[in-house]
Amino acid sequence: MTSSPTQPSDVLRVDDPRELVVLAAHTLGFRPTESLVAIGLRERGRTGVVARVDLSATRDPGLLAALADHLVADGALSAVVLVHSEDPDDDTGDDGGGGLPHRAAVESLGHQLALRGVGPVQASLVGRGVLRCYAEESGCCPAGGIPLEEAGTQVAARLVATGSAVMADQSAWRGALAAALAPVSAARRRAVERAARAPLGAGEPADVLGWWCDALGTATAAAAAGPGLEEVVEALLAPVPAGRLLAALADRRLRDAVLLSLVPGAGAAVEELLAGEEGPATRAALEGVFGGPPGAPAGPAPDADVLRAAQALLRALVRRAGRERRAEPLAVLAWLAWWQGAGPEAAVHAELALRADSGHALASLVLQTVDRGIPPGWARTGR
């Protein structure tokens, strides 16, 4: 199962189901194929988590029960189910009653959601260029379905304007993520490795973190200005600062200081970690990121420009790292993607980190968090 919460700004209340088809694709990062996609709707019709499973896996009732639990944990009061498939209509009745394909999976998920008090559930088939409703008696779709004209939807226009893009399918999307992490030349990697080998000196952690914050500020300004971010990042990550940053990320407290440097209002936590402590400021910052007890205030959402800048810096760092050092920046990228709400991307980066270091604790934590459908603090129920 892959899932992502929609961003805090995505307060969408739409009557046209095509808008939700577009929203799901942009949230996942790719157009689903042969998939069941469930979208939770919270109070006042606000969109919540978007979760995808392979259609081939929907015969497992345990998976559909887990999917229903996932939506409930995110605060869903009702739901939309989108079955993406090019399969022909079922005229035999073998799939639970004939008509549209995969009806049995839709009805099973609807039953699981109803048991948990979630409803109504609006289910549609997306395929062959049209959208058709499973509940034909509802009259929500004309005969023959609704043509899918994605480029004309309000949601598509809004998301494209913010720079959101959708890959053709999951394979192309994974390929694009891998291409962004392609190693630089062996000579450049050797230069970075030479700079990374020496242990951190007594006052060096503060210097490295100061460099990181300065570089992040420069890259954030470039991200806010528009094109040119990658060129700025390339200029910033000379071999010596790149190598010393890799050395710092190998220290758990310094790595956590880098993470929390991206969280609005977490400056005191960064100072604690730099001093070798994990005091009340650090605990409060982590509670905001991961979500506190019921009724706790919402955690801070990431700043879009800061996030883009940090991701660009970390991708460039991965490209410069030797195999034995790639796990640290990859794990941080995974954490950032999860905090952003991009669960599938978080899982890919965590898996890559675990390939480099099979026992990496942060990468394992992120992957478990994504697998369990745990959203970041800003996206928790009722917030």
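Read-outs: derived from the displayed coordinates by stated rules, not from any lab. Note that the structure is a prediction, hence the values are computed from the model and not measured. Here Cβ is always computed from backbone atoms with ideal geometry, including for glycine, and neighbour counts include all displayed protein chains.
Numbers below:
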| read-out | value |
| --- | --- |
| Local electrostatic count, VAL53, Cβ distance below 15 Å [Lys/Arg +1, Asp/Glu -1] | -2 |
| Taking HIS349, HIS102 and counting other C-beta atoms within 10 Å, the order from fewest to most | HIS102, HIS349 |
| The chain - charge dipole about Cα centre, Lys and Arg +1 at Cβ, Asp and Glu -1, debye rounded to 20 | 1160 debye |
| Local electrostatic count, GLU277, Cβ distance below 12 Å [Lys/Arg +1, Asp/Glu -1] | -2 |
| Shape call, the range 188-238: gyration tensor on alpha carbons, a/c limit 1.5 | oblate |
| Fraction of antiparallel bridges per DSSP, the chain only, in percent to nearest 5 | 75 percent |
| Residue-count net charge about SER35 - beta-carbon cut-off 13 Å; Lys, Arg +1, Asp, Glu -1 | -3 |
| Answer label for Cα extents along the principal axes in Å (calculated), chosen among (1) 87, 65, 38; (2) 72, 45, 38; (3) 74, 49, 36 | (2) |
| Whole-Hz ³J(HN,Hα) from phi, Karplus 6.51 cos²θ - 1.76 cosθ + 1.60, for the range 171-177, glycine and proline x | 5, 5, 5, 4, x, 5, 5 |
| Between the range 319-339 and the range 16-55, the alpha-carbon center distance in angstrom | 28 Å |
| Charge dipole magnitude, Cβ of K and R +1, D and E -1 - the range 211-309, Cα centre, debye nearest 20 | 180 debye |
| Computed [θ] at 222 nm, helices only, for the chain once each DSSP H run of length n ≥ 4 contributes -39500 (n - 2.57) | -15500 deg cm²/dmol |
| Note, ³J(HN,Hα) from phi for the range 322-333, Karplus 6.51, -1.76, 1.60, rounded to Hz, x at Gly and Pro | x, 3, 6, 10, 5, 4, 5, x, 5, 5, 5, 4 |
| Phi to ³J(HN,Hα) by Karplus 6.51 cos²θ - 1.76 cosθ + 1.60 over the range 180-188, Hz, x for Gly, Pro | 5, 10, 4, x, 6, 4, 4, 5, 5 |
